[in-house]
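Following: one structure in structure tokens, then a few remarks.
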């Protein structure tokens, strides 16, 4: 039986990986210590997802492990000797990183290094997939020529119509401390690939979303927005007139790409992974879409101050992914994704 370790296994992407590989008959080891509850309080708690996975799959095993625990990580990978490692554990918030910089760097950068070195020593043939972020580009995308439309910002130059390519600069811009710690992790993953010839890839995610997200104001754009609509709670728009654009990709499609890479790995690759132009949406446009699904008006307040390092318009160019892995494409459109998230929040609210 093939084995896989998934860090952040109770989170949005991690739990989707767990489900996918359990259903495919792998032995799946989840590494998670519910740091999201520490970072974001009770609303960020992911234990509900952990319990769901344990009750659903006999081939899933949970390991209560902090990736900052170097010896624990070394021993775990040496013991399991997995065929693949999918690393999704992270401190994911710009704003929180500024107030807890040591925790942010120790989780994102040092935790990733711990996993990489443990892989080199204990499972050197394992395929290592790292969930990076588009924030490694800092706010440099804001320096592109943008055009203001009725409900969104958009790229003015045809060169960027399909979005940001992997060759875009990660230097000389404001990243937020979160973005900087993720740059460190991203480069380490590439370096372990090139230097030690380990099959690795960095997936620089756009807006990753789906029904398993424990969205909060500081992280989880669509999940939190939809939760606010469902509960009649006020949503705060931070700057850019609410026209800031994200390309949204369902966690299922993220995991489908991970599977393609694991089955046909490459060394030290980097991919921008998001929904692409077809799945791009602004906050104002997102309000309209969820209102059409729920039948409830969005309650919101505009704060005339954008978050530091925030993108005005970000769309992932998916051409490299599709050229390397032509069997992969987006399967979940925006309306499907919104509907699934809405239904998930309805079910969770009823369970409370």
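Close contacts from the stretch 228-254, counting a first residue that is in contact (Cβ under 8 Å) with a residue 12 or more places away in the chain and on the phi > 0 side of the Ramachandran plot and a second that is buried (at least 17 other Cβ atoms within 10 Å of the Cβ) and in a loop (DSSP other than H, G, I, E, B), with Cβ to Cβ under 6 Å and a gap of 6+ residues or different chains, come to 239/306; 240/306; 240/312. When the stretch 331-347 is limited to residues that are touching a strand residue (DSSP E or B) at 6+ places or on another chain (Cβ under 8 Å) and surrounded by 22 or more Cβ atoms within 10 Å (Cβ to Cβ), the one that is farthest from residue 160 (Cα to Cα) turns out to be 341. Would it be correct to say that residue 203 is in contact (Cβ under 8 Å) with a residue 40 or more places away in the chain and within 11 Å of the chain's Cα centre (by Cα)? When the stated conditions are applied, residue 203 passes them. Quick check on this structure: which one of 210, 215, 163, 179 is within 14 Å of the chain's Cα centre (by Cα) and under 25 Å from residue 145 (Cα atoms)? Just a single option satisfies the conditions, and that option is 179.
Can you tell me which residue within the stretch 206-222, out of those that are modelled with pLDDT of 90 or more and buried (at least 24 other Cβ atoms within 10 Å of the Cβ), is nearest to residue 324 (Cα to Cα)? Break it down stepwise before answering.
Pass one, the stretch 206-222, residues modelled with pLDDT of 90 or more: 207-210.
Retained after the next criterion (residues that are buried (at least 24 other Cβ atoms within 10 Å of the Cβ)): 208-210.
Working: 208: 21, 209: 24, 210: 25 Å.
Ranking the candidates gives 208 first.
Is it true that residue 265 is farther than 28 Å from residue 146 by Cβ, modelled with pLDDT under 95, outside any strand (DSSP E or B) and more than 12 Å from the chain's Cα centre (by Cα)? So residue 265 does not fit the description; no. Taken as a whole, the stretch 303-318 holds no residue that is surrounded by 14 or more Cβ atoms within 10 Å (Cβ to Cβ), closer than 21 Å to residue 230 by Cα and in contact (Cβ under 8 Å) with a residue 60 or more places away in the chain. Within the stretch 33-65, the set of residues being touching a residue at least 12 places away in the same chain (Cβ under 8 Å), in a helix (DSSP H, G or I) and closer than 23 Å to residue 98 by Cβ comprises 35, 36, 39, 40, 43, 44.
Which of the residues belonging to the stretch 158-183 are surrounded by 13 or more Cβ atoms within 10 Å (Cβ to Cβ) and over 11 Å from residue 136 (Cα atoms)? Correct list: 160, 162, 163, 164, 165.
Condition check: surrounded by fewer than 17 Cβ atoms within 10 Å (Cβ to Cβ), touching a strand residue (DSSP E or B) at 6+ places or on another chain (Cβ under 6 Å) and either modelled with pLDDT of 95 or more or closer than 19 Å to residue 341 by Cα (or both). Does residue 43 satisfy that? First the steps, then the outcome.
Working: surrounded by fewer than 17 Cβ atoms within 10 Å (Cβ to Cβ): yes; touching a strand residue (DSSP E or B) at 6+ places or on another chain (Cβ under 6 Å): yes; either modelled with pLDDT of 95 or more or closer than 19 Å to residue 341 by Cα (or both): yes.
Taking the combined requirement at face value, the residue satisfies it.
With respect to the conditions (1) farther than 23 Å from residue 167 by Cβ; (2) touching a helix residue (DSSP H, G or I) at 6+ places or on another chain (Cβ under 9 Å), residue 202 falls short on a single one, namely (1).
The values are calculated or read from the model by the stated rules, or taken from the named source; none is laboratory data. Not measured: the values here are computed from a predicted model. Glycine gets a Cβ as well: all are built from the backbone with ideal geometry, and neighbour counts include every protein chain shown.
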